Amino acid sequence: MHPGSRQGYVSISFVGQGSGNYNNSKQWRRQSCWRKWKQLSRLQRSLILFTLVLLFICGIASYPTVTEQFRGLTDGEQDTDTNSVLRPITPHVLPEPVKQGHPSLPEQLSQNRLQRNGNTSDTAVEDKAADNKKKKNREEEGFVSWRGAVIDTDKATESIKDGEKEDSPAKQEVKLSKEPEAGWLKAVQEAFRHAWKGYKDFAWGHDELRPISKSYNEWFGLGLTLIDALDTMWILGLKEEFEEAKAWVATELTFNKNVDVNLFESTIRILGGLLSTYHLTGDTLFLDRAKDIGSRLMPAFNTPSRIPYSDVNIGKGTAHPPRWTSDSTVAEVTSIQLEFKELSRLTQEPQYEAAVAEIMNHVHKLDGKVDGLVPMFINTNNGQFTHQGIYTLGARADSYYEYLLKQWIQGGKKDNQLLEDYLQAIEGVKKNLLQKSSPNGLTFVGELSHGQFSPKMDHLVCFLPGTLALGAHNGLPADHMDLAKQLMETCYQMYVQMETGLSPEIVHFNMHQGSTRDIDVKLADRHNLLRPETVESLFYLYRFTKDRKYQDWGWEILQKFNKYTKVSSGGYTSINNVRDPDYPSPRDKMESFFLGETLKYLYLLFSDDPNLISLDQYVFNTEAHPLPIWPSAA
Ligand code: DMJ
């Protein structure tokens with residue numbers, strides 16, 4: 001049975017009537033339609049006419065929306081399932097989607113549309129939209145060069161060769177990109193509020209938000225995100241949010257709990273966060289809590305070598321290494337010094353500083369370094385480096401280098417041992433780890449693996465441009481600033497060269513002549529955890545150079561976070577695949593450092609007030625908590 005012949009249905013059929021050939025089919029169709037039309041009742045005809053007129057009027061009225069949606073279709077379509085992905089409706093060949101949800105709720109879809117035009121809700125930012133729209137159009141016509149400038153495709157080869165020229169497209173892009181500061185600051189506040197909403201609604205008082213499943217992770221059970229975010233709220237001027245978090249600290253937070261915590265993580269996030277909030281607010285509530293957690297962490301230092309264990313039970317007062325080893329991580333034991341030293345200064349109790357200074361003195365004398373570069377592990381029994389052979393500025397070693405410089409600054413640039421170790425290490429980086437990629441000559445920091453150079457660079461290494469710039473600002477060699485600028489460019493390229501505009505966790509640089517692209521990403525390294533290191537360095541570079549391009553780069557990154565990681569019901573999620581803009585695949589976790597660091601550094605980057613956490617008065621710990629440079633030292 002032809003579906004159209006069912007009783008009660010009106011069917012107008014154009015095919016299969018059999019009597020006409022191709023030549024007279026038009027005429028036949030006209031007659032057939034007319035015959036069918038005449039067979040309809042007056043009511044049926046009126047209904048059809050009414051519907052057609054209505055459709056016509058609606059079509060005219062919604063014309064701009066319709067066209068807009070057509071443009072939007074290439075980016076994705078919202079699924080009715082609230083936890084579903086932005087699925088492309090263009091016929092792309094895609095990997096099978098993982099069905100665990102995605103930030104593609106209605107708000108996200110409209111957000112994506114707005115952001116495609118560089119837009120958010122406030123008027124000041126809308127001004128930016130016009131420029132970004134133009135830029136987007138230019139991107140569609142040409143492509144983004146390795147310098148981040150948009151280059152006319154026809155002139156690409158010439159432009160890349162001339163990349164350093166004053167009148168190159170890259171330079172012009174920088175000069176043209178002065179933006180209203182207020183709109184960008186407001187955009188960061190909005191991002192924070194959105195993240196905070198998710199945390200408040202689904203994870204209040206817990207460690208980490210799981211924004212897709214609208215639940216939480218417990219790591220230490222100490223309200224990690226809330227504490228990590230305290231000083232960010234203060235700096236961003238989010239008074240209401242700050243007060244509700246403070247009330248939780250006053251009434252709910254207790255460290256008298258039978259839980260194992262990681263010494264390093266709880267020092268940089270909790271102790272660091274409480275100390276900096278105390279300094280910013282002057283409220284002794286935070287100092288009291290800092291003393292409490294600081295004293296509870298001390299059992300970690302009771303080891304044969306005085307190199308602390310990784311884990312402490314803050315309720316029982318016991319400490320231990322991980323189950324499978326008696327080693328600790330070098331970065332972890334050498335990146336708790338700023339916080340414990342400050343605790344001693346504030347409490348006038350020397351044991352905190354003594355414990356962490358002893359580690360630095362010990363590591364200073366240890367054998368096993370290569371030109372000032374340290375291995376990744378150290379044994380808590382004999383105090384020796386272990387698993388020697390890999391030298392990296394990435395995971396497990398990174399903040400050792402950062403804290404050499406920052407301890408020197410914190411103490412008033414008096415401790416020559418710290419300075420010597422830092423300067424030697426930077427020379428070690430230059431000699432052993434620095435290379436240029438092919439074809440575009442990006443300067444990058446690789447790794448030394450059992451005597452062999454490996455062109456692998458963690459996103460974590462992107463703290464280095466900022467640290468180098470901070471050193472140069474404090475009187476260290478000017479070539480540190482040159483290197484900082486080169487590495488900053490590379491870290492930015494780790495974002496713009498990805499399809500989502502977000503950096504993966506780890507990249508590999510090509511060094512062979514004839515390579516067609518500078519950066520490769522292995523399948524397992526394609527995730528983005530909302531990490532701060534690149535925007536952190538952008539903040540330092542902008543503070544010291546005032547070059548607006550660093551703000552522009554930060555703005556681009558914020559927009560990409562909003563586009564690919566924002567979850568409409570609240571919060572942001574880390575993602576699995578920065579190379580698939582159609583399906584970045586959410587990991588359902590918002591790390592506490594997104595609020596503690598990433599958004600804070602973005603806000604400070606967009607601020608033109610050098611006194612908003614002056615870098616001559618404060619030194620940031622490795623979790624972005626500002627601690628004072630000691631007054632006697634100034
Ligand atoms: C943070 O906890 C700190 O910045 C640490 O130094 C490195 N890892 C995360 C952010 O990536």
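The values are calculated or read from the model by the stated rules, or taken from the named source; none is laboratory data. Computed from a prediction, not measured in an experiment: that's the story for all the values here. Please note: Cβ atoms are built from the backbone with ideal geometry, for glycine as well, and neighbour counts cover all protein chains shown. Calculation scope for accessible area: heavy atoms of the full protein, side chains included, ligands and nucleic acids excluded. Shrake-Rupley method; radii C 1.70, N 1.55, O 1.52, S 1.80 Å.
Annotations
- Test for K200: is it assigned to a helix (DSSP H, G or I) and over 19 Å from I293 (Cβ atoms): yes
- One residue stands out in the stretch 279-306 among those that are in contact with an Asp or Glu (Cβ under 9 Å, 6 or more places away or on another chain) and in contact (Cβ under 8 Å) with a residue 60 or more places away in the chain: the one that is farthest from the ligand (Cβ to nearest atom), namely R306.
Residues checked against (1) over 22 Å from E556 (Cβ atoms); (2) of a type outside the set (G, A, S); (3) more than 14 Å from the chain's Cα centre (by Cα); (4) within 16 Å of the ligand (Cβ to nearest atom):
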| site | (1), (2), (3), (4) |
| --- | --- |
| I575 | no, yes, no, yes |
| V578 | no, yes, no, yes |
| P586 | no, yes, no, no |
| M590 | no, yes, no, yes |
| T598 | no, yes, no, yes |
| Y603 | no, yes, no, no |
| F606 | no, yes, yes, no |
| P610 | yes, yes, yes, no |
| L615 | yes, yes, yes, no |
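- Residues that are among the charged types (D, E, K, R) and surrounded by 15 or more Cβ atoms within 10 Å (Cβ to Cβ), drawn from the stretch 414-451: D415, D421, E447
- Check on V507, open to solvent by less than 30 Å² (accessible area, probe 1.4 Å) and part of a helix (DSSP H, G or I): no
- Within the set M494, M488, M481, M457, the sole residue that is within 16 Å of the ligand (Cβ to nearest atom), part of a helix (DSSP H, G or I) and out of contact with any Cys (no Cβ under 7 Å at 6 or more places or on another chain) turns out to be M494.
- Check on N621, of a type in the set (S, T, N, Q), under 19 Å from the mean Cα position of the chain (by Cα), at pLDDT 95 or above and within 21 Å of M233 (Cβ to Cβ): yes
- Looking only at residues in the stretch 218-271 that are among the hydroxyl-bearing types (S, T, Y) and open to solvent by 40 Å² or more (accessible area, probe 1.4 Å), the one that is nearest to the ligand (Cβ to nearest atom) is T254.
- Residue match in the stretch 321-331 (condition: under 24 Å from R345 (Cβ atoms) and within 16 Å of the ligand (Cβ to nearest atom)): yes
- In the condition set (1) over 22 Å from the mean Cα position of the chain (by Cα); (2) in a loop (DSSP other than H, G, I, E, B), T500 is compliant with all but (1).
- Scanning the stretch 309-330 finds one or more residues that are assigned to a helix (DSSP H, G or I) and modelled with pLDDT of 95 or more.
- Out of M488, M457, sole residue that is in contact (Cβ under 8 Å) with a residue 12 or more places away in the chain, closer than 22 Å to F593 by Cα and touching a strand residue (DSSP E or B) at 6+ places or on another chain (Cβ under 8 Å): M457
- Taking the criterion of being β-branched (V, I, T) and more than 16 Å from the ligand (Cβ to nearest atom), the residues of the stretch 497-542 that qualify are T500, T516, I519, V521.
- Subset of the stretch 577-600 [over 26 Å from L185 (Cα atoms), in contact with a His (Cβ under 9 Å, 6 or more places away or on another chain) and not small (G, A, S)]: N577, D582, Y583, P584, P586, R587
- Any hit, the stretch 557-570, residues being among the hydroxyl-bearing types (S, T, Y), modelled with pLDDT of 95 or more and within 16 Å of the ligand (Cβ to nearest atom): yes
- Note on the stretch 543-556: among residues that are among the hydrophobic types (A, V, I, L, M, F, W, C) and closer than 15 Å to Y492 by Cα, the one that is nearest to the ligand (Cβ to nearest atom) is W553.
- The residues listed here are E353, E349, E358; of these, the one that is among the acidic types (D, E), more than 23 Å from G446 (Cα to Cα), touching a residue at least 40 places away in the same chain (Cβ under 8 Å) and away from the ligand (no atom under 16 Å from the Cβ) is E358.
- Residue tally, condition surrounded by fewer than 16 Cβ atoms within 10 Å (Cβ to Cβ) and under 26 Å from D616 (Cα atoms), over the stretch 384-412: 1
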